[in-house]
Amino acid sequence: MLAGLRGAARYLQRYRLPTEVEWEFAARGKEDNAYPWKGKDTKSDEGCYYANYKPGRGNYTKDGNLISTKVGSYSPNSNGLYDMAGNVSEWTSTVYTEAGVLSMNDMNPELKYNAAKEDPYVMKKKTVRGGSWKDVAAYVRSDARSYEYQNESRSYIGFRCVRTQVGYNKKRQITMMNNIKKRGPFHRLQDFMASYKGKVLLNYAYSWGASIVITGVLFKLTHLPGANMMLWIGMGTEILVFFISAFDRPAKTYKWESVFPNIKISGTTYAKRKEWPDADNGIEESKIPDVVQECYQSVCN
């Protein structure tokens, strides 16, 4: 989907797994409940269960389901979220430790580590929350914690995606999306030329067009048949390439120090100063490579 949107994709926030703290905050609801519903009972006075879990000592079907059930079969919590308890447990992005939030920063309670394949197995534990259809009531509480190894899959573990949202300006969001819809063919061409595929295609077109033109000239000089057609194709390709390349966005800033790491004056790069050294004394004091100095001196002289 993001590839199809091209340049407009930068306005969209990527989906990710929730952290352990984000998950619990969402599960507790607005009332900060022990369960996603009010009270500590797991069923109503009429005997209706609030979630899909294992009632009693193992009567799986007592709540109406043997294993997992359709999403949204039970009422949502006060945040409007379904199945925050039972049905299937849910992955979080947080590394599992026995200490939990006590081992995390108060301002940003998150513990993240992307374990590599060669890392010890103990480092691959990820926190799992919510409990599932096979768990008793104590494990479907909003504060109940469990874990699973990140490279394992289970029939009772699923996932829920979230997106980061810091503040919200509805008017600005609407304006932004309207601007995306109004983008014409030239803007879309610019987006394509700025992409990796666009740059690769342009390189191929440059090379092929030039090759065909040169081949056509050789055919013309040696009076071989098909020379005119090859020249037309080659020159037409070059014309198209030059036209399209006009839509390639130039870089906003050029980092010359990336090309010439030694181009510095008193510890400040030319890219930051946005100027070249004085022709009289700056060129000798700077650390410009010899080839650049020779070129610069030849132009000055």
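The values are calculated or read from the model by the stated rules, or taken from the named source; none is laboratory data. Remember, it's a predicted structure, so these values are computed and weren't measured experimentally. Every residue, glycine as well, gets a Cβ built from its backbone with ideal geometry; the counts of neighbours run over all protein chains shown. Just so you know, the surface numbers come from the protein's heavy atoms only, side chains and all, with ligands and any DNA or RNA stripped out. Shrake-Rupley method; radii C 1.70, N 1.55, O 1.52, S 1.80 Å.
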Expressed in square angstrom to the nearest 10, the accessible area of Met230 with a 1.4 Å probe stands at 50
At 37 °C and 0.692 mPa s, what whole-number value in µm²/s does Stokes-Einstein give for the translational diffusion of the stretch 203-246, with Rh from the Kirkwood sum over Cα pairs? 318
If I histogram all Cα-Cα distances within the stretch 61-176 using bins 5 Å wide from 0, what percent of pairs lands in each bin? 2, 9, 16, 19, 17, 13, 10, 7, 4, 1, 0
Heavy-atom accessible area order for Arg129, Arg57, Arg141, Arg154, largest first, 1.4 Å probe: Arg57, Arg154, Arg141, Arg129
Can you bin every Cα-Cα distance in the stretch 1-139 into 10 Å intervals starting at zero and give me the percent of pairs per bin, rounded to whole numbers? 11, 32, 30, 21, 6, 1
Potential extension, Asn114-Lys38 segment - 0.36 nm per residue separation minus Cα distance: 23.7 nm
Please list 105-112, 191-198 highest first by mean number of surrounding beta-carbon atoms within 10 Å per residue. 191-198, 105-112
Net charge near Met230: determine it from the other residues with C-beta under 15 Å of the C-beta of Met230, scoring Lys and Arg +1 and Asp and Glu -1. 0
